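Shown next, in C-alpha cells, is the structure this report addresses.
The values are calculated or read from the model by the stated rules, or taken from the named source; none is laboratory data. Worth saying up front: this structure is predicted, and the values here are computed from it rather than measured. A quick note on method: Cβ atoms are made from the backbone with ideal geometry, for glycine too, and the neighbour counts reach across all protein chains shown. Each accessible area value is taken on the protein alone, full model and side chains, heavy atoms only, with ligands, DNA and RNA left out. Shrake-Rupley method; radii C 1.70, N 1.55, O 1.52, S 1.80 Å.
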Amino acid sequence: MATSAQPATPPLSFQVGGRLNSQNPFAPRTGTLSLPRQDSTAIEISTPNFLTMTSRGNVPHLSRDHVKKTDAIGWVHVPFESFLERTPPVPTLFPSDRPLHGFLGFDPSRHIVSVSLRNWNDARDITPNGKDTVTPSAYNSYISSIRPDIVVALSDIPFGSTSPSEKRLVKSLERSLRWLGQILRINHANVFVPMAGLLDDVARDDFATGLLEALEGSEARELQPLGFHTLNDGVAGYSLDLAPLKRLQQASPSESDPTSQLVDLAQTSLRPLPEGKPRLVTGCESPHDVLQFIQSGLDLFDSHFAQQAADWGVALDFRFRAPPAQPDAAAVDIGVNLYDVEHEMVFSRLAKSLRGGAEEDDANLPVCPCIACTPKFSSTPILHSSLDEAPAGEEGPAPPFTRGYIHHLLHTHEMTAHVLLAAHNLSVLSGFFADIRAFLAEVSSAPDAEERFNEEIRKFEQQYKRPDELMREAKVNWEEVNLARGKGRLAREKAAKATENPVEVTQHPERVLPDVVP
C-alpha cells in the first residue's frame, strides 16, 4: 500500500534548455536537473554531466575533506549491495532526517545522493558479498529507511554471456514492470527505471510501451491515488546500463561498431517515451563513447572510467575543443600512465592541456583546479590548546605536483598518489562536460548547430586515441608493482632495471647493486 499522498522526498524537475535540432528527438541537448531542499533552496545539475561512483558510500581514495573542497562532485551514486553483509544494513539504522547523507557524510546542500541495488559496472551473477538474492519488499524497505534523493528501481536483467531464451526475456520484462510498480507504492518521488530488453529491439520497445499502458487492477487502485495512471507517470528518469549489454557483445562479436549498436538500442528504448525526462547512461569506457551518446541526446553518465584510470595510475589529459594539433600530428593518449618508468625523472605537471593555478606560462590554457595541479595549503597550524593563536586563512596555490613525484608515490605504495590522481581525473572530467555544455550553448541558435557539433566530435576522435591500450598497459604495470611488495622490493626493482639497461650501469659503476635475495 502507498504510504501517503505526499512524497517524503521532494520531486526533482528537469528542464530541457535547448536542442540542436528541434525536429530530431535524439539531437544533442542541454538541460538543468533541479532538486529542491526543505529550506527552499535547490541543487542544480546542468547537463550533459556526470555522477560520481562510490564504494561502500565513499568516493574511492578521497576523504570527506577532499570531497568538500572540490566542485567536481555534485551527484554521488551508492550501490547498496555493499551494505547487505549485515541485516539490517547499517545505513538504515542511522538516526537522521536524511539518514544516507548523514551516515556517509555528504552535505545535503551540495550533494545529490542516488542509490541502486547493484554496482552498474559489475556484470557478475552474484554480488561481492555473496548474497545473490534481495527481495523487492526488502529493497523497498531499505529505500524507505535511508531516504536517498534518487532511487534506481530493481530490474530483472539476466547477467549472462549468452542471450537468454525468448521465454526468459519476456519474464524479465514482466518482472521489471511489476517491481517498478512495487517501488512506486512507497511513494518515493524520484525513481529512475532501467530500460530492460538486453540486445533485443522488440523487447526494448515492448518494455517502453509497457511503461505507458494504463494501470489496471490492484496496481491501479494503489497507484492512482498518488496521481499515477501509468507506470511512467511515477518515473523521474530513464537509465541504460551498458555492462550486461557489453558482456553479450563480447560473447558474440559483430563487424558493426559496438558503441553505435548500444546507441541504437538506447534510442529504441527511449523513442516511445516523453522527451522531457533525464536520460542516464552507465558503463561508458571512454570520452569517445560519452560523446557518441551525447550526440544522440543522452544527458547523464557515470564517472567509472575516470576513477578506474586513477586506480591504475593514469592521469587524464584531454579537453573537448582542445587546441588544434599540427596537420600531420599523430593522435595522443587521453592520459599518461604514471607507473611507466619514463616518468621517473619528469618534473612537469600532470596534464599538458591544462595548467596549474600557480603557473603563469601557457596562460591560454584553462586552469585545472584539482588538489594535484592547484594545491592549496592552510596557513593555520594545528592548535593544541585554547592558548594557541594563529591567523585563519589559506595560502595561494602552490606549484603543481609533478609526474615524477607521483610516479615515486605509486612505486612506494603511498596512498597519496591515488588521492591526487582521483581528484585530478574527476576535475578533468568535470571540465570536459563543462566545455561540451558551453559549446552546445554557443552553437544552439546556429542553423548548422548539429553539423558543427558533429565536426567537433570528429576532431576530438582524430586528436585523441581510444584508451584501450593505455588502460591495458597501466593495469599490467599496476599489477606488477602491487605484487612486488615485501622486504627488499625497491632493491629488486633497481636490480631489474639495471638488468634491462646494462649500458647505463656500465657508465655509472657506482650504481651497480649487490646481489639481492628475492
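General observations
- Close amide H contacts of Phe301 (hydrogens built in the peptide plane, cut-off under 5 Å, sequence separation of 5 or more or a different chain): Asn49, Phe50, Leu51, Val281.
- Each listed q (0.11 Å⁻¹) maps to a log10 I(q)/I(0) for the chain, found by the Debye formula over equal Cα scatterers with no solvent: -1.04.
- Cα gyration tensor shape for the range 303-368, rounded if a/c is under 1.5, else prolate or oblate: rounded
- Residue-wise HN-Hα couplings along the range 74-90, as the Karplus relation 6.51 cos²θ - 1.76 cosθ + 1.60 with θ = phi - 60° gives them from phi, are x, 10, 10, 10, 10, x, 6, 4, 6, 9, 7, 5, 10, 10, x, x, 4 Hz; Gly and Pro carry x.
- Computed with a 1.4 Å probe on the full set of protein chains, the accessible area for Thr30 sits at about 30 Å².
- Considering only Ala422, Gly227, Val202, the residue lying farthest towards the positive end of the dipole of the chain is Gly227, judged by Cα position with unit charges set on Cβ.
- Accessible-area ranking of Trp312, Trp478, Trp75, largest first, probe 1.4 Å: Trp478, Trp312, Trp75
- With the helix formula -39500 (n - 2.57) applied to DSSP H stretches of n ≥ 4, the chain reaches a computed 222 nm mean residue ellipticity of -11000 deg cm²/dmol.
- Against the criterion of solvent-accessible heavy-atom surface with a 1.4 angstrom probe, His408, His413 sort, most first, into His408, His413.
- Ranking Thr402, Thr416 from most to least accessible surface, computed with a 1.4 Å probe over the protein chains only, gives Thr416, Thr402.
- Solvent exposure of Ser427, expressed as accessible area, is near 10 Å², computed with a probe of 1.4 Å over the protein chains only.
- Counting DSSP beta bridges with both ends in the range 163-288, the antiparallel % (nearest 5): 10
- Within the chain, antiparallel bridges make up roughly 40 percent of the DSSP beta bridges whose residues both belong there.
- Distance between modelled label sites at Gln38 and Asp71, nm, 7 Å Cα→Cβ extension: 2.9
- Approximating the spin labels as points 7 Å out from Cα along Cα→Cβ, the Ser348-to-Val16 distance works out to 4.4 nm.
- Extension gain, Ala441-Glu473: 0.36 nm per intervening residue step, less the Cα-Cα distance, totals 7.8 nm.
- Inverse of mean 1/r across different Cα pairs in the range 136-239, Kirkwood, Å: 14.1
- Note on Asp71: accessible area is roughly 140 Å² with a 1.4 Å probe, heavy atoms of protein only.
- Taking one quarter of the surface of the convex hull spanned by the alpha-carbon atoms of the range 208-317 gives a direction-averaged projected area of 9.5 nm².
- Using only side-chain charges placed at the Cβ, +1 for Lys and Arg and -1 for Asp and Glu, the dipole size of the chain relative to its Cα centre rounds to 1120 debye.
- Remark: the Arg168-Asn364 segment gains 64.9 nm on full extension, using 0.36 nm per residue and subtracting the alpha carbon distance.
- Taking every alpha-carbon pair under 8 Å whose residues sit at least 6 apart, the chain reaches a relative contact order of 15 percent.
- Cα→Cβ-extended label distance, 7 Å offset, between Lys497 and Gln23, nm: 6.2
- Rounded to the nearest Hz, the phi-derived 3J(HN,Hα) couplings of the range 52-58 under the Karplus curve 6.51 cos²θ - 1.76 cosθ + 1.60 (θ = phi - 60°) are 8, 7, 10, 10, 6, x, 10, where x marks glycine and proline.
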